[in-house]
Amino acid sequence: MTAVTTGTRRFRRTALLGAVVATALGGGAILAACGTDGGTGGGTGQDGAAGGPARLSVADSYIPLPPAGGMAAGYLTVNNDGAQDQLLKVTSPAAGSVTMHRSTASTMEQVDSLDVPAHGALQLARGGNHLMIMGWQKAPALGDELELDLTFAKSGTISVRVPVKELTYRPGQS
C-alpha cells in the first residue's frame, strides 16, 4: 500500500466517523427541540398552556366614582376556563387613556401587560393590579357605564361596559 492509499482510507474513516457523530448529535438536537409533554400524556405541557384557546369572561367590573371627573381606578376579574393568555392593553372611546398598574404595599407601577393564568383568573382589585382611567370626555356620575376594550395576546379584544359605583362599593357586599 502506498502512502496516498493509506491517507485516503484514513480520510474516509474520519469523514465517515464525523458524519456518524454529526447525525447522532443532530438527531439528539431534533429530539430535544421536539421535547416531551412532561409526562402529562396530553400534549399540553406542564402548565396546560397549549391545551386549546383561552376562554375568557369578565365579572365584577366597576369604577369607583372619581372626584369631579378626575383620575379613576377600574376593577374587574377576567376569568379563564382555557389556556393562558395575557392582557396587553385597555382602551376606552370615552377616556383619553387607560393604563394598567400593579400595586404593592408601598408602590404603584405601570405595567405593559398582565398574565391571565390557564384555568384561573386575573383579578384587578383594590390594593393590587388595577386600571387607571384618565381624560374622561364627560365627567362620570353614579350609574354611568364606561366602555372598556380589553386586548389580549391570543383572544383578541373584548368590550365590556363597566358601571360607575359609589366610592365605597365592594363587589359581593350589599
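The values are calculated or read from the model by the stated rules, or taken from the named source; none is laboratory data. Since we're looking at a predicted model, the values are computed, not measured. Cβ placement follows ideal geometry from the backbone for every residue including glycine, while neighbour counts extend to all protein chains displayed.
Points worth noting:
- Taking residues in the range 159-174 that are at pLDDT 85 or above, and partners anywhere that are among the aliphatic types (A, V, I, L, M) and exposed (fewer than 14 other Cβ atoms within 10 Å of the Cβ), the pairs with Cβ atoms closer than 8 Å and at least 6 places apart or on different chains are Val164/Ala141; Val164/Leu142; Lys165/Leu142; Glu166/Leu142.
- Restricting attention to the range 145-167, the residues that are surrounded by 17 or more Cβ atoms within 10 Å (Cβ to Cβ) and of a type in the set (Asp, Glu) total 0.
- Test: residue in the range 90-106 that is in contact with a strand residue (DSSP E or B) (Cβ under 6 Å, 6 or more places away or on another chain), touching a residue at least 40 places away in the same chain (Cβ under 8 Å) and within 16 Å of Leu122 (Cα to Cα): yes
- Screening Arg126 on (1) modelled with pLDDT of 95 or more; (2) within 18 Å of Val78 (Cα to Cα); (3) surrounded by fewer than 14 Cβ atoms within 10 Å (Cβ to Cβ) shows it passes everything except condition (1).
- Residues (charged (D, E, K, R) and either in contact with a strand residue (DSSP E or B) (Cβ under 6 Å, 6 or more places away or on another chain) or more than 17 Å from Arg126 (Cβ to Cβ) (or both)) located in the range 136-174: Lys138, Asp144, Glu145, Glu147, Asp149, Lys154, Arg161, Lys165
- Within the range 66-75, considering residues that are touching a Lys or Arg at 6+ places or on another chain (Cβ under 9 Å) and at pLDDT 95 or above, the one surrounded by the fewest Cβ atoms within 10 Å (Cβ to Cβ): Ala73
Yes/no per residue for (1) loosely packed, with under 10 Cβ neighbours inside 10 Å; (2) modelled with pLDDT of 90 or more; (3) in a helix (DSSP H, G or I); (4) of a type outside the set (A, V, I, L, M, F, W, C):
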position: Asp37; (1), (2), (3), (4): no, no, no, yes
position: Thr77; (1), (2), (3), (4): no, yes, no, yes
position: Ala83; (1), (2), (3), (4): no, yes, no, no
position: Met100; (1), (2), (3), (4): no, yes, no, no
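- When the range 102-120 is limited to residues that are under 14 Å from Ala73 (Cβ atoms) and exposed (fewer than 13 other Cβ atoms within 10 Å of the Cβ), the one that is nearest to the chain's Cα centre (by Cα) turns out to be Gln110.
- Filtering the range 112-144 to residues that are assigned to a strand (DSSP E or B) and either without any contact (Cβ under 8 Å) to a residue 12 or more places away in the chain or not aliphatic (A, V, I, L, M) (or both) leaves Asp115, Gln123, His130, Gly135, Trp136.
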